[in-house]
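Accompanying notes for the structure given below.
Every number in this text was worked out from the coordinates using simple rules, so none of it is lab data. The model shown is predicted, which means the values in this text are computed figures rather than measured ones. Positions of Cβ are generated from backbone atoms using ideal geometry, with glycine treated the same way; all protein chains shown enter the neighbour counts.
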Amino acid sequence: MRTKSIYRQDKGLIYAVADPVNPTGRNESTAPDGPPELTRKRRALPAAFLFVHTQEWFNTLPRRVQPYSLCKLYPRIANQIAAKWMDMNASGAYFDELLVDRRRGRRGFPLDVLNDLCFLRDYHAAFRPDSNGRRDYETRKK
C-alpha cells in the first residue's frame with residue numbers, strides 16, 4: 001500500500017495541498033470530542049496592573065527598597081515577585097532569571113528598574129538564613 005502525501009508534484013514543483021484527501025473516505029471531523037469552548041483554550045495575557053496582594057506587599061517594604069519604577073513599568077514582574085516573596089528559593093531563582101541574560105542579546109531593563117530589582121534582591125537576600133540558621137540581618141545588628 002502506498003502512503004499518501006499532503007504534498008503534490010506538478011511540473012517539477014512541490015507544494016502543500018490545503019485540504020489533503022481523507023484516506024478513509026469518510027467526512028468525519030477530526031476535532032476532539034467535547035465542547036468547543038474547552039478545546040481551544042489559550043493562556044491568558046499577563047495582567048498589566050498590580051494585584052491587591054502586590055500592593056499590600058509593596059506597602060510592607062521599607063521606603064528605600066519600594067520598587068516604584070518596576071511597579072509602574074512592569075507590573076507583571078512585580079506581581080510575580082510578590083507572589084514568590086516568602087519562598088526564599090523560588091524568589092532567589094526568579095531574581096537570577098531576571099538579572100542574568102541567558103538568551104543572549106536581550107535589551108535589558110531601564111536603569112531605574114534594574115536598580116529596583118537589585119535593591120529588592122539584596123534586601124530579600126538579607127533574610128536568607130546562613131549555614132548556622134542565623135539570618136544576615138540578625139548578624140548585622142550585632
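Details
- Remark: the Asp112-Arg63 segment gains 16.1 nm on full extension, using 0.36 nm per residue and subtracting the alpha carbon distance.
- Asn89 paired with Gln55, simple spin-label distance in nm, labels 7 Å along Cα-to-beta-carbon: 3.4
- Each peptide in 103-113, 54-64, 88-98, 69-79 receives the mean, over its residues, of other Cβ atoms within 10 Å, and ordering these scores from highest gives 69-79, 88-98, 54-64, 103-113.
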